[in-house]
């Protein structure tokens, strides 16, 4: 399969471009240790890294957002994460080469994430990978987060490119739902945080990739 006349490539952030699971896991695990509980390995946290505070606190303490202590614990988690968010986070293997190739093709690229600007801004400014990004849309940039198409449409608007000429790459079903709703070509990234029980075929993405640079084979540019 080849995507024709693509003018921009947009990516989800966590689990698609960067592996932030080590820092997310460390932030919530500190909460356990601070309470005299045993530390848990990264492997315990990794499968839910894409689910943010809800996923991390759920795995660490078994709490759902309905728990009376959840909001306080969420803010504690956020503060812990802010203190360490670039200590162990790195781009997935092949991502830097992929971005370099897009830049050499003069294809604008950007990020559309559900991560709030509070974290997205310092993270992307702190990693050289994002120096060439043409747009970065956070989870609170628009009134709606993914799976709503608004963040993707905002990215296309800022790039002044027809959404139908954009590709969106993500590692979660909500990414593909948002991409379809925005009338973009969608690509499911299988190398991120997907659990073994996930059936990507049900997402109905236009294509899927098992490594970042496989995306280049889909672009006819």
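What to note about this one:
- Angle in degrees between helix 52-61 and the longest Cα principal axis of the chain, rounded to the nearest 10: 30
- Per-selection metrics, the chain (Cα): Rg and Dmax in Å: 17.2, 56
- Principal-axis tilt of helix 95-104 within the chain, Cα atoms, nearest 10 degrees: 30
- Gaussian network model of the chain, springs between alpha carbon atoms under 10 Å - residue of 168, 70, 45 with greatest fluctuation: 70
- A Förster distance of 30 Å, applied to the separation of the beta-carbon atoms of residue 39 and residue 200, puts the FRET efficiency at 0.40.
- Degrees between helix 21-34 axis and first principal axis of the chain (Cα, 0 to 90, nearest 10): 10
- Structural descriptor for the chain: relative contact order 27 percent, calculated from alpha carbon pairs under 8 angstrom and at least 6 residues apart.
- Alpha-carbon centroids, the stretch 145-221 and the stretch 44-69: separation in whole Å: 25
- Look at the alpha carbon pairs under 8 Å that are at least 6 residues apart: their mean separation over the length of the stretch 96-179 gives a relative contact order of 26 percent.
- Spacing of the two label points (7 Å from each Cα toward its C-beta) at residue 106 and residue 2, in nm: 2.0
- Contact order normalised by residue count of the stretch 21-84, Cα under 8 Å, 6+ apart, percent: 40
- All distinct Cα pairs of the stretch 21-84 go into the 1/r average, and the inverse of that average, the Kirkwood radius, is 11.3 Å.
Bear in mind these aren't lab numbers, they're just calculated from the coordinates by the rules spelled out. Since the structure is predicted, the reported quantities are computational estimates derived from the model, not experimental observations. Positions of Cβ are generated from backbone atoms using ideal geometry, with glycine treated the same way; all protein chains shown enter the neighbour counts.
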